[in-house]
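Asker: Following this message is one structure expressed as structure tokens.
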Amino acid sequence: MKTATPDKSLTYRDVFASGQAEEKSWARYAAKRESALAAVLDRGLETRGLEEWVHGKAAGLVAGDALPVRGEVAAAGSPEMARVAGSHLLVFVNGVFDPARSEIGTLPAGASVQPLSAGDEAADLGSVARDVESSFTALNSLFWRDGLQLILADGVVLEQPVELWFVNDLAGEAGLIPVRNLIQVGAGSEATIIERFVLGQAAVVEQPLTEVVCAAGSVVNHIKLVGGEAAGEHFGSTHVVQRADSTYRSWEIVTGGHLARRELHLDLTESGAKCDLNALYMGAGKQRFDLRTRVNHDAAECETRELYKGILDGEARGVFDGLILVARDSQQTSAHQTNRNLLLSDDAVANSIPRLEIYADDVKCSHGSTTGQLEDEALFYLRTRGFSPEEARTYLAWAFASEVIESIPVLELRAELSAVVTRTLDVVDDTLMGELS
Amino acid sequence: MLRINDLHASTQGKNILKGINLEIKPGEVHAIMGPNGSGKSTLSQVLAGNDAYEVQSGTVTYKDQDLLELAADERALEGIFLAFQYPVEIPGFSNEKFLRTAVNAQRRHRGEAALDAFDFSAMAKDKMALMELDPDLMSRSLNVGFSGGEKKRNECFQMAMLEPSLAILDETDSGLDIDALRIVSQGVNALRREDRSVLLITHYQRLLDYIVPDYVHVLANGRIVRSGGKELAVELEKTGYGWLEDEAKSGEVAR
């Protein structure tokens with residue numbers, strides 16, 4: 001474990017100038033970084049007055065001292081890793097690719113999987129998440145050190161998932177760790193990508209940003225797991241563009257960090273695109289999770305289905321802020337948005353802002369939101385079947401979570417996450433553990 | 001099996017049961033009929049141990065124990081089963097996992113070894129066939145997307161799996177078409193045994209054509225106002241409930 005304390009007297013311009021000279025990976029994408037610097041300096045990292053931050057909290061991201069972690073930071077300690085068997089594995093420690101722990105394995109023809117710092121310069125970087133739209137995107141474009149570059153040609157089916165581990169094990173006041181991923185999936189191609197974030201004990205601010213291009217008829221399963229210690233902060237965003245008849249499925253499972261924000265931006269630009277967005281956030285103590293989705297229906301006959309679920313205990317707070325925007329010519333749109341929150345304590349808080357903005361007239365859209373405690377009726381039903389009060393509560397909360405987990409297409413992850421949920425719900429009864437797993 | 005003595009109960013500050021007396025011996029099937037609001041469902045909820053109902057006075061003895069001292073789950077483990085009028089839907093909890101946990105909780109309580117997935121599914125297969133339930137329902141979330149008839153048949157399927165000593169069926173016949181009614185009745189009849197009792201709560205006489213009770217009781221305004229054999233149900237079908245309520249008001253209480 002290493003301590004990297006950023007010098008707070010430095011400005012972004014200073015940090016950038018010295019970094020360009022010293023950091024090997026920073027010199028890549030020089031032109032894009034220059035314009036990103038201009039965007040950050042022009043707009044500043046201000047959240048006040050910005051609609052997308054009204055219900056969110058930026059904390060370390062705007063504190064002004066969120067300077068990027070630099071230098072040799074890859075640690076020696078090996079995290080406990082239960083990877084998905086056979087996956088194409090890339091490990092990043094404190095934002096830097098770690099070839100020793102990675103195992104990309106054999107890829108089919110037409111598939112390229114490598115660290116972004118090593119690949120050919122991709123013209124599409126920054127085309128889905130645009131610096132001009134958000135100074136936080138620009139901040140990421142400015143300082144990222146590494147990430148995934150996945151490119152699938154047309155008609156390539158990746159049988160095994162691409163699994164990314166982002167491990168943070170810094171100590172002390174550690175600074176910002178921006179990560180950049182670019183995923184381009186060709187026409188008719190299929191891929192499953194797992195992003196795992198393991199926050200360490202330090203007050204790091206990790207800021208991963210993933211751009212996904214889904215070409216016509218492609219299928220992308222994208223699973224994002226935010227776990228680990230409740231010390232750091234996580235500001236992750238995924239920006240997706242979908243072409244005709246493509247399918248993008250997302251699962252965001254957030255249990256770690258004292259503050260975690262996930263943003264999902266989708267542009268459905270051609271007809272027949274479908275997206276299926278799922279999330280489960282489980283917080284306790286003073287954890288705070290913001291989950292935000294923006295789906296733009298810019299073509300006819302596209303579909304969105306969203307199911308975001310929160311389980312909040314202690315004084316935890318969960319925010320769901322979802323907007324589906326259906327443009328005027330996007331006829332025959334089907335869009336359904338659901339947010340459900342389960343509060344396990346009197347002090348837990350859920351904010352839910354489901355929204356539809358519809359400018360087309362021939363659409364099927366719905367949205368709904370519920371927040372509450374376990375229902376007495378359901379508890380009584382289970383008790384009449386012989387479940388003790390504790391068992392009944394645990395099973396109901398577990399069932400609430402498992403609706404999301406059981407839809408994940410990677411079976412190993414279902415078992416792993418089911419165990420996480422069981423642990424989080426403090427299930428100490430071994431018999432019960434056995435029944436659930 | 002069950003002896004109810006002068007039972008008074010209320011919910012949300014409202015007195016519903018106003019002195020119920022009833023004795024059910026092992027092997028007997030009793031039917032409780034009565035108009036809406038007479039307290040039929042309250043009786044079933046009180047017997048199953050729903051905390052939303054408060055027992056004000058009276059006693060209930062079940063297998064020589066004070067039933068009112070037992071929590072709902074303890075009653076279930078001691079062999080009381082309530083088939084719900086409106087079974088609860090639980091997304092994310094598969095029918096299979098739910099029922100296996102329930103069956104194993106019972107077995108643990110009786111000091112028997114837990115059933116593994118294979119033994120359980122062998123046992124479930126026959127009983128699902130009896131209730132004419134699609135085996136695919138086992139992997140679906142509990143009662144989610146089940147038709148009204150499937151929910152009721154699923155309640156009876158659970159009852160068959162849990163093999164209770166006292167089964168209480170709360171308006172299990174309501175909303176069923178004639179085929180579903182036949183299947184549900186067939187399930188209940190298959191369960192009839194000399195050491196097992198059944199309490200049928202129903203609004204309509206129709207169910208009693210299929211499940212022939214030993215005794216019929218009429219509940220009106222929180223009291224049993226008349227008891228008799230199965231012919232009482234036939235009489236009620238002809239005359240309706242109006243005159244019985246008049247009797248209850250005039251204070252003429254049967255038994």
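Asker: For region B:100-111, what are the residues that are surrounded by fewer than 22 Cβ atoms within 10 Å (Cβ to Cβ) and more than 8 Å from chain A (Cβ to nearest Cβ)?
Answerer: B:ARG107, B:ARG110, B:GLY111
Asker: Within region B:150-177, take every residue that is modelled with pLDDT under 90 and more than 30 Å from B:ARG3 (Cα to Cα) and give me the one that is least open to solvent (accessible area, probe 1.4 Å).
Answerer: Looking at residues that are modelled with pLDDT under 90 and more than 30 Å from B:ARG3 (Cα to Cα), I get B:LEU176.
Asker: Let me ask you something else. Mind listing whichever residues of region B:62-81 are open to solvent by 10 Å² or more (accessible area, probe 1.4 Å), assigned to a helix (DSSP H, G or I), facing chain A (nearest Cβ under 10 Å) and within 22 Å of B:SER41 (Cβ to Cβ)?
Answerer: B:ASP73, B:GLU74, B:ARG75
Asker: In addition: Among the numbered criteria (1) closer than 30 Å to A:ASN341 by Cα; (2) away from chain A (no Cβ under 14 Å); (3) within 15 Å of the chain's Cα centre (by Cα), which one does B:GLY148 miss?
Answerer: Condition not satisfied by B:GLY148: (3).
Asker: Need the failing condition index for A:VAL185 against (1) surrounded by fewer than 23 Cβ atoms within 10 Å (Cβ to Cβ); (2) over 27 Å from A:LEU61 (Cα atoms), just the number.
Answerer: (1)
Asker: Turning to a different aspect of this structure: So which of B:LEU199, B:LEU181, B:LEU176, B:LEU208 is part of a strand (DSSP E or B) and either under 23 Å from B:TYR86 (Cβ atoms) or touching a His at 6+ places or on another chain (Cβ under 7 Å) (or both)?
Answerer: On the way: B:LEU181 fails: part of a strand (DSSP E or B); B:LEU176 fails: part of a strand (DSSP E or B); B:LEU208 fails: part of a strand (DSSP E or B).
Answer to the check: B:LEU199.
Asker: Looking at the structure I just gave you, is A:SER334 among the hydroxyl-bearing types (Ser, Thr, Tyr) and in contact with a Cys (Cβ under 9 Å, 6 or more places away or on another chain)? Steps first, answer last, please.
Answerer: Values: among the hydroxyl-bearing types (Ser, Thr, Tyr): yes; in contact with a Cys (Cβ under 9 Å, 6 or more places away or on another chain): yes.
Taking the combined requirement at face value, the residue satisfies it.
Asker: For B:SER10, state whether it is out of contact with any helix residue (DSSP H, G or I) (no Cβ under 7 Å at 6 or more places or on another chain) and part of a helix (DSSP H, G or I).
Answerer: Details: out of contact with any helix residue (DSSP H, G or I) (no Cβ under 7 Å at 6 or more places or on another chain): yes; part of a helix (DSSP H, G or I): no.
Taking the combined requirement at face value, the residue does not satisfy it.
Asker: Let me ask something else about it. From B:SER57, B:SER41, grab the single residue that is among the hydroxyl-bearing types (Ser, Thr, Tyr), away from chain A (no Cβ under 12 Å), part of a helix (DSSP H, G or I) and open to solvent by 30 Å² or more (accessible area, probe 1.4 Å). So that I can check it myself, show each step before the final result.
Answerer: Working: B:SER57 fails: part of a helix (DSSP H, G or I).
The conditions single out B:SER41.
Asker: Within region A:319-338, can one find any residue that is open to solvent by 10 Å² or more (accessible area, probe 1.4 Å) and without any contact (Cβ under 8 Å) to a residue 24 or more places away in the chain?
Answerer: No - not one qualifying residue is present in region A:319-338.
Asker: If you check A:VAL204 against the conditions, is it outside the structural domain of A:ILE408 (by TED's automatic domain parsing) and crowded, with 24+ Cβ neighbours inside 10 Å?
Answerer: Details: outside the structural domain of A:ILE408 (by TED's automatic domain parsing): yes; crowded, with 24+ Cβ neighbours inside 10 Å: yes.
Yes: the conditions hold for A:VAL204.
Asker: Any residue at all in region A:380-396 that's open to solvent by 10 Å² or more (accessible area, probe 1.4 Å) and either modelled with pLDDT of 95 or more or farther than 18 Å from A:THR422 by Cα (or both)? Give the derivation first.
Answerer: First, the residues of region A:380-396 that are open to solvent by 10 Å² or more (accessible area, probe 1.4 Å): A:380, A:383, A:388-391, A:393-394, A:396.
After this cut, where a residue has to be either modelled with pLDDT of 95 or more or farther than 18 Å from A:THR422 by Cα (or both) as well, the list is A:380, A:383.
Checked against the condition, which is being open to solvent by 10 Å² or more (accessible area, probe 1.4 Å) and either modelled with pLDDT of 95 or more or farther than 18 Å from A:THR422 by Cα (or both), region A:380-396 yields at least one hit.
Asker: From the list A:ARG145, A:ARG130, which residue is assigned by TED's automatic domain parsing to the domain that holds A:LEU37, charged (D, E, K, R) and under 27 Å from A:THR269 (Cα atoms)? Let's see the steps before the verdict.
Answerer: Values: A:ARG145 fails: under 27 Å from A:THR269 (Cα atoms).
From the options A:ARG145, A:ARG130, the qualifying one is A:ARG130.
Asker: Please work out which residue is farthest from the other protein chains (Cβ to nearest Cβ), limiting yourself to region A:372-418 and to residues that are among the acidic types (Asp, Glu) and not in a loop (DSSP other than H, G, I, E, B). Spell out how you get there, then give the answer.
Answerer: Residues of region A:372-418 that are among the acidic types (Asp, Glu), as a first pass: A:375-377, A:390-391, A:403, A:406, A:412, A:416.
Checking the rest, the ones that are also not in a loop (DSSP other than H, G, I, E, B) come to A:376-377, A:390-391, A:403, A:412, A:416.
Values: A:ASP376: 7, A:GLU377: 6, A:GLU390: 10, A:GLU391: 8, A:GLU403: 4, A:GLU412: 19, A:GLU416: 17 Å.
Across region A:372-418, the extreme among qualifying residues is A:GLU412.
Asker: Let me ask another. Given (1) within 11 Å of another protein chain (Cβ to nearest Cβ); (2) assigned to a strand (DSSP E or B), identify the lone condition not met by A:ILE353.
Answerer: Failing condition for A:ILE353: (1).
Asker: Within region A:278-292, how many residues turn out to be within 17 Å of the chain's Cα centre (by Cα) and either on the phi > 0 side of the Ramachandran plot or of a type in the set (Lys, Arg) (or both)? Full working, then the answer.
Answerer: Initially, region A:278-292 is screened for residues within 17 Å of the chain's Cα centre (by Cα), giving A:278-283, A:287-292.
From the residues that got through so far, the ones that are either on the phi > 0 side of the Ramachandran plot or of a type in the set (Lys, Arg) (or both) too are A:288, A:292.
Number of matching residues: 2.
Asker: Quick check on my filter: what residues within region B:103-140 are farther than 21 Å from B:VAL184 by Cα and either assigned to a loop (DSSP other than H, G, I, E, B) or touching a residue at least 60 places away in the same chain (Cβ under 8 Å) (or both)?
Answerer: Of everything in region B:103-140, those that are farther than 21 Å from B:VAL184 by Cα and either assigned to a loop (DSSP other than H, G, I, E, B) or touching a residue at least 60 places away in the same chain (Cβ under 8 Å) (or both) turn out to be B:ARG110, B:GLY111, B:GLU112, B:ALA113, B:ALA114, B:LEU115, B:ASP116.
Asker: Could you check region B:44-54 and list, in sequence order, the residues that are free of Cβ contacts under 8 Å to residues at least 40 places away in the same chain and not in a helix (DSSP H, G or I)?
Answerer: Correct list: B:GLY49, B:ASN50, B:ASP51.
Asker: Going through region B:112-139 one residue at a time, which ones are open to solvent by 60 Å² or more (accessible area, probe 1.4 Å), in contact with an Asp or Glu (Cβ under 9 Å, 6 or more places away or on another chain) and within 14 Å of another protein chain (Cβ to nearest Cβ)?
Answerer: B:ALA114, B:SER139 - these are the residues of region B:112-139 that are open to solvent by 60 Å² or more (accessible area, probe 1.4 Å), in contact with an Asp or Glu (Cβ under 9 Å, 6 or more places away or on another chain) and within 14 Å of another protein chain (Cβ to nearest Cβ).
Asker: May I pose another question? Go through the residues of region A:293-305 one by one and say whether even a single one is surrounded by 24 or more Cβ atoms within 10 Å (Cβ to Cβ), under 15 Å from the mean Cα position of the chain (by Cα) and of a type outside the set (A, V, I, L, M, F, W, C).
Answerer: Yes, that holds for at least one residue.
Asker: In region B:82-95, which residues are open to solvent by less than 50 Å² (accessible area, probe 1.4 Å) and more than 8 Å from chain A (Cβ to nearest Cβ)?
Answerer: B:ALA83, B:GLN85, B:SER94, B:ASN95
Asker: Can you tell me which residues in region A:102-113 are on the phi < 0 side of the Ramachandran plot and touching a residue at least 24 places away in the same chain (Cβ under 8 Å)? Steps first, please.
Answerer: Of region A:102-113, the ones on the phi < 0 side of the Ramachandran plot are A:102-104, A:106-109, A:111-113.
Result: A:LEU107, A:PRO108, A:ALA109, A:ALA111, A:SER112, A:VAL113.
Asker: Just a yes or no: is a residue in region B:154-171 hydroxyl-bearing (Ser, Thr, Tyr) and in contact with a Leu (Cβ under 8 Å, 6 or more places away or on another chain)?
Answerer: From region B:154-171, those hydroxyl-bearing (Ser, Thr, Tyr) are B:165; that's our starting set.
Now drop any that are not in contact with a Leu (Cβ under 8 Å, 6 or more places away or on another chain), which leaves none.
Scanning region B:154-171, I find no residue that is hydroxyl-bearing (Ser, Thr, Tyr) and in contact with a Leu (Cβ under 8 Å, 6 or more places away or on another chain), so the answer is no.
Asker: In addition: Scan region B:180-194 and report the pairs whose first residue is of a type in the set (Ser, Thr, Tyr) and at pLDDT 90 or above and whose second residue is open to solvent by 10 Å² or more (accessible area, probe 1.4 Å) and assigned to a helix (DSSP H, G or I), with Cβ atoms within less than 9 Å and a gap of 6+ or a chain change.
Answerer: The qualifying pairs are B:SER185/B:ASP209; B:SER185/B:TYR210.
The values are calculated or read from the model by the stated rules, or taken from the named source; none is laboratory data. Small disclaimer: the values here were computed from a predicted structure and weren't measured. Quick reminder, even Gly has a Cβ in these numbers, built from the backbone with ideal geometry, and neighbours come from all protein chains shown. To get the accessible areas, we keep the full protein, side chains included, count just its heavy atoms, and leave off ligands, DNA and RNA. Shrake-Rupley method; radii C 1.70, N 1.55, O 1.52, S 1.80 Å.
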